[in-house]
Every structure is written in structure tokens, then in C-alpha cells.
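Input: a single structure, listed below in C-alpha cells.
Since every read-out is calculated from the coordinates, none of them should be taken as a lab result. Everything numeric in this text was worked out from a predicted model, so none of it was measured. Glycine also receives a Cβ, built like all others from the backbone with ideal geometry; neighbour counts cover every protein chain displayed.
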Amino acid sequence: MLISSTPWNTDSVFYKIFHSEEFTDFARSHVTWRESMEPNGPLDKGTLEKIRKQFGEDPWRWKREMEAEWAEDETAWLSQSLITKCIATEKTLGEELQLWNFESIHKGCNLYAGLDLGRVKDYSALVVIEEVKHKFFLRHVKIFDLGTSYASVIGYVKTLQDRWGGFCKIRVDSTNQDYVVEDMKN
């Protein structure tokens, strides 16, 4: 059996196999970008520099993907292990995730929405989750094109509220756009 992975969180199966005494029968290797450079590996200097620039503002990603070390992003609000635990599959939730499209009608559901308003540099994004028997299912994701007006985003959210019977709660990250939230209340 061959197991290969980029190191992520320290509570993963890969971490356990790599570090635990109960898996000493596995051969282990630790390959960084240095061992991957030409002529012994596929990585050339030009590609390395592109990757270095791409990861320039994310030292944790460089450490994970290029140094092959376990590293959590210390500035991240949500840990990798928490995000991983939220991945919905038949095994984790008893059924496969079913995303709803914009045109569908869903009434009588316990729905919660999160909206992040962007416009020029960042995308506006909306997620809707449904609570079913104390489990939360991702039901809808909408990432708006850059430059989408706030009026269009608000219109989209209000249309979903009408089609789906409203949201129990909606949380909006409106950093520097407080006036938009006021418009949403109206």
C-alpha cells in the first residue's frame, strides 16, 4: 500500500501513520522541494520561483506544500481539522450532500445564511445551510462575479428568502459596507 499526502492537520490519519509507533511497519519518507529539484526531480528553478511568489503571503502553505511539514495557519479563523470534519458525505452524514439550485422551492425548512460582501478585489459569496435533526447540510453556494452590484446581491438574497420561506438567521460580513446591511433590512 502506498500512502502519499500533503501534511495538513495533526489529527489526521496521515499524521498518525507517519508518527505513531503502531505504524512502524510502514516505510516513511519526507520529501521537500529541495529533493524535488532538477536533475533528480521534476521541479525546475523557474517553477519554484512561481510557486514561491504564489505562496509569498501564506508561509503556512509553503511549509505544508513545499517543506512537507504539518503547519496550521495561525491566522486562520477555522482550523483545517474543523473544516475537514464538516465535509458532508454519505459516510459522515448518512446521505450525500444535495445542493439546491436558485429556482427550486423549499418551504418549512430551518435555513441559515451567511453572506460575505465583496465587489472589486473580493467576490461576494452566499452560503445557505439547513438544520435537520441537529445536523447541518450545505444547501446552496453562490459566488457572484467580481463587480456585481450590492443591489443585485441583495436582490438575489431576497428572492431566495421568498422561494425558501425565509432564513432563521442571516449573518453578513459587511466590513466597510454597513449601509448595505441597512438596505437589506428594508
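Listing for the model above:
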{"read-out": "Cβ-defined net charge surrounding Leu111, 13 Å radius [Lys, Arg +1; Asp, Glu -1]", "value": "+2"}
{"read-out": "Val132 long-range amide H proximity, modeled H, under 5 Å", "value": "Phe137"}
{"read-out": "Residue-by-residue Karplus 3J(HN,Hα) for the stretch 52-59, coefficients 6.51, -1.76, 1.60, Hz, glycine and proline x", "value": "4, 5, 4, 8, x, 9, 9, x"}
{"read-out": "Fewest-first ranking of Trp62, Trp164, using other Cβ atoms within 10 Å as the exposure measure", "value": "Trp62, Trp164"}
{"read-out": "Over the stretch 1-71, equivalent-ellipsoid semi-axes from the Cα gyration tensor in Å", "value": "26, 16, 7"}
{"read-out": "Amide H contacts of Val172 (H built 1.01 Å from N, under 5 Å, at least 5 apart or other chain)", "value": "Leu115"}
{"read-out": "Residue-by-residue Karplus 3J(HN,Hα) for the stretch 20-37, coefficients 6.51, -1.76, 1.60, Hz, glycine and proline x", "value": "7, 5, 5, 10, 5, 6, 8, 6, 10, 9, 10, 10, 9, 4, 4, 6, 8, 6"}
